[in-house]
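Peer 1: Take this structure first; my questions come after.
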């Protein structure tokens with residue numbers, strides 16, 4: 001028998017491979033940070049001997065979720081300003097609150113709380129844009145969660161830098177500091193075309209090419225932005241991005257609510273990726289992104305929650321349900337965005353969106369061991385006819401029982417093993433008291 005570190009056995013497994021394989025009486029063997037084998041439990045237990053065995057009867061084993069767009073530290077601003085239009089929300093509430101309150105302490109503890117929330121609802125990889133992202137990277141590393149993070153870059157000062165040049169220099173520091181880390185990856189993240197000048201965008205492109213790292217930015221989130229950018233550039237935003245050399249496989253665009261058919265074609269032709277964030281788009285009344293049309297055009301689309309100030313949670317299972325139902329009602333067509341498509345968007349397609357599909361997103365031999373176990377022995381999950389249906393329409397984040405990231409068990413039986421969640425919640429409560437006082441001045 002071959003020695004391995006971990007075996008997980010369960011009643012069912014969704015692999016999310018190219019064939020959408022579903023196994024009964026399945027088991028996964030893990031050694032180090034990699035999946036060694038996925039097969040029938042009897043075969044796995046005959047072939048391998050493990051230091052630890054997790055027996056997950058009446059459970060579903062599957063790849064963990066990939067959250068393609070977050071502002072993790074904004075857990076500290078959850079519920080601070082709701083029921084507002086996007087630009088009003090940003091300019092009159094969020095930006096002022098950030099200017100008064102965001103510092104390294106908030107970035108660290110807010111990100112750690114975000115990591116706890118994500119792990120407890122089955123997310124093991126998140127793509128983050130915010131301020132003091134070295135603190136977010138540090139928090140992610142301590143929590144044992146995989147991430148792709150980048151400092152938000154503006155033309156104007158942020159709490160972390162006074163000039164765009166300082167922001168770019170900070171991003172370069174992140175790239176050099178975290179290169180080759182097994183969990184922390186760096187992205188360059190200009191906020192949006194309406195907050196970044198052409199010189200800043202040019203510096204971002206140069207840095208991306210120098211270090212071969214991806215670029216992420218908010219794009220065409222609402223109708224006002226679309227109109228503003230067309231007036232500014234004298235052309236569509238995606239055409240502008242094409243002109244400045246941004247359209248390539250390294251670009252991940254967040255939202256893309258107001259995409260035209262021409263925009264979709266350009267994104268498909270150049271291999272650009274999209275993060276769809278439906279709950280945030282609904283809450284801010286930004287519109288409904290044409291995701292079924294994007295997918296049909298050949299654009300890779302993953303799912304994201306956005307930040308806790310505009311969702312207001314980081315639960316990817318909730319986001320799956322929102323995605324499926326939003327597009328059905330928007331088109332009055334119950335057949336669009338079927339459950340299997342949506343689950344793939346939250347796993348393997350999300351991994352493709354972040355350029356990580358060779359490492360994560362499916363349960364396959366040789367990939368990183370990012371695995372979750374969902375308990376099925378619950379009233380709201382009985383009976384079971386279709387696993388994909390349950391995941392999208394019946395499951396909740398609280399049904400996630402066990403989480404493995406990079407081969408390490410980080411939650412078992414709903415207990416976090418890398419984060420003291422009570423301490424973290426109290427720290428964020430203390431920060432929130434300061435935030436509330438700052439807004440009363």
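A short reminder: the numbers here are calculations on the coordinates, not readings from a lab. Computed from a predicted structure; not experimentally measured. Because the Cβ atoms are built from the backbone with ideal geometry, glycine has one as well, and the counts that use them run over all protein chains shown.
Peer 1: Post the alpha-carbon centroid distance, segment 347-370 to segment 66-104, in whole angstrom.
Peer 2: For segment 347-370 versus segment 66-104, the Cα centre distance is 30 Å.
Peer 1: In terms of the Cα gyration tensor, with a ≥ b ≥ c the square roots of its eigenvalues, is the chain rounded because a/c is under 1.5, prolate because a/b exceeds b/c, or oblate? Display every interim value, and only then the final one.
Peer 2: On the way: a/c = 1.62, a/b = 1.42, b/c = 1.14.
Note, shape of the chain comes out prolate.
Peer 1: Using the number of other C-beta atoms within 10 angstrom as an exposure proxy, rank 288, 400 with the fewest first.
Peer 2: 288, 400
Peer 1: Order of 409, 291 from fewest to most other C-beta atoms within 10 Å?
Peer 2: With the sparsest Cβ surroundings first, the list reads 409, 291.
Peer 1: Okay, helix-only estimate at 222 nm for the chain: each DSSP H run of n ≥ 4 adds -39500 (n - 2.57), divide by all residues, round to 500 deg cm²/dmol; what do you get?
Peer 2: It lands at -11500 deg cm²/dmol.
Peer 1: Restricting to bridges with both residues inside the chain, how much of the DSSP beta-bridge set is antiparallel, in percent to the nearest 5?
Peer 2: 45 percent
Peer 1: Mean projection of the alpha-carbon convex hull of segment 287-441 over all orientations, in nm²?
Peer 2: Across all orientations, segment 287-441 yields a mean hull projection of 12.6 nm².
Peer 1: Then there's this: Kindly identify segment 66-117 as rounded, prolate or oblate by the Cα gyration tensor criterion: order the square roots of the eigenvalues as a ≥ b ≥ c, call it rounded if a/c is under 1.5, otherwise compare a/b with b/c, prolate if a/b is larger, else oblate.
Peer 2: Cα axes put segment 66-117 in the oblate bin.
Peer 1: Can you give the alpha-carbon Rg of segment 1-117 over 2.2 N^0.38 Å, where N counts its residues? It would help to have the intermediate numbers written out before the result.
Peer 2: Details: Rg = 21.7 Å, N = 117, 2.2 N^0.38 = 13.4 Å.
Ratio of Rg to 2.2 N^0.38 Å for segment 1-117: 1.62.
Peer 1: Just how far, in whole angstrom, is segment 226-254 from segment 270-297 if you go by their alpha carbon centroids?
Peer 2: Each part's Cα centre sits 16 Å from the other's.
Peer 1: Would you mind ranking 68, 308 so that the residue whose beta carbon has the fewest other beta carbons within 10 Å leads the list? Kindly include the intermediate steps, with their values, before the conclusion.
Peer 2: Numbers: 68 33, 308 25.
So the residues, fewest neighbours to most, are 308, 68.
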